[in-house]
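The values are calculated or read from the model by the stated rules, or taken from the named source; none is laboratory data. On a predicted model such as this, the values are computed, not experimentally measured, just so you know. Every residue, glycine as well, gets a Cβ built from its backbone with ideal geometry; the counts of neighbours run over all protein chains shown.
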């Protein structure tokens, strides 16, 4: 039996072997790719299972923190109102007390200077004038001191 085998048949055989090898190589590559996609899909599902509850918990925590911050905002507003009320009260008391204190310090300074003047000169009119002048000076000095302590 004579088998006739030509170069064309050899080329067809080589091409067939090549195509089978390429097919097997592609099959192996697609199989590896399918395994990789399966692992990736599993990773994504696991991340969803683990991360979504955490996100929900964080969202709840943020909501609770916001509620507490709203309460703190209300408390802060109340504290500011209370401080303003105390400030107004202190200013009112300060204004009411300022003038009598100013007059008493003037009277004290006037009496001290007047008595010293009367003792040294033995002149009643000069002592009274000196006392009035000292009282006025002390009242103005006290007013200046109070103004300077209020200025920032």
**Prompt:** Quick one: which of 112, 108, 94, 78 is farther than 30 Å from residue 144 by Cβ and surrounded by 10 or more Cβ atoms within 10 Å (Cβ to Cβ)?
**Reply:** 78
**Prompt:** Only one residue in 52, 10 is surrounded by 10 or more Cβ atoms within 10 Å (Cβ to Cβ), more than 30 Å from residue 143 (Cβ to Cβ) and under 35 Å from the mean Cα position of the chain (by Cα). Which one?
**Reply:** 52
**Asked** If you check every pair at least six apart or on different chains, which have Cβ atoms under 6 Å apart with a residue in region 91-103 that is free of Cβ contacts under 8 Å to residues at least 60 places away in the same chain first and a residue that is part of a helix (DSSP H, G or I) second?
**Response** 102/139; 102/142
**Prompt:** So is residue 138 modelled with pLDDT of 80 or more and surrounded by 13 or more Cβ atoms within 10 Å (Cβ to Cβ) or not?
**Reply:** yes
